[in-house]
Amino acid sequence: MAQATRDEGKKVNSDINVTPMVDVMLVLLIIFMVVTPMLNNKVNVELPQAAAAVVMEDANKEDSIVVAVTRDGKTFLGGDQITADTLGPKISEKLENKTDKRVYFRGDQRANYGKVMEAIDGIRTAGVSQLGMIADKPLI
């Protein structure tokens, strides 16, 4: 009578298959590449179109000061909603340590003109030397 022995334990595959991990990492990279540009504009505003619009690359920087007025008249400093009364002092705080006293303004094309002017007046009372009005170029 012979006894059968198994040789399964002698050939253990200890290699790690990294192909699925690389696939997941590439998908995550693509997702982050698509989502990151959308994070700059924290407030959804339908910008007016201007044929003579100039590209302002500094408006997309992380430390730039952006004021937005939405269609319903709400005022935002960056991503935080504030009142028109507190806009000037908050901008003054942010501009204290900066050499570039530039603020960018994003106004919805259907916003109340009075609300837009209140926001611009608040920006000017903060001592802003340059105000960049952000608009879209027409596709034509």
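The values are calculated or read from the model by the stated rules, or taken from the named source; none is laboratory data. Quick caveat, the model's predicted, so the values are computed rather than measured. Counting neighbours? That spans all protein chains shown, and the Cβs are built from the backbone with ideal geometry, glycine included. The protein model used for the area step is the full one, side chains on, heavy atoms only, and it has no ligands, DNA or RNA in it. Shrake-Rupley method; radii C 1.70, N 1.55, O 1.52, S 1.80 Å.
Given the conditions (1) over 22 Å from the mean Cα position of the chain (by Cα); (2) under 22 Å from residue 54 (Cα atoms), which single one is not true for residue 99? The number of the failed condition is (2).
Just wondering, is there one or more residues in the stretch 1-14 that are loosely packed, with under 11 Cβ neighbours inside 10 Å, on the phi < 0 side of the Ramachandran plot and at pLDDT 80 or above? Looking through the stretch 1-14, none of the residues is loosely packed, with under 11 Cβ neighbours inside 10 Å, on the phi < 0 side of the Ramachandran plot and at pLDDT 80 or above. The number of residues in the stretch 36-64 being part of a helix (DSSP H, G or I) and open to solvent by 60 Å² or more (accessible area, probe 1.4 Å) comes to 6.
Within the stretch 65-76, take every residue that is outside any strand (DSSP E or B) and open to solvent by less than 30 Å² (accessible area, probe 1.4 Å) and give me the one that is modelled with the lowest pLDDT. Step by step, filter the stretch 65-76, then rank; the result is 73. Looking only at residues that are touching a residue at least 24 places away in the same chain (Cβ under 8 Å) and over 16 Å from the mean Cα position of the chain (by Cα) in the stretch 74-84, which one is farthest from residue 133 (Cα to Cα)? Across the stretch 74-84, the extreme among qualifying residues is 84.
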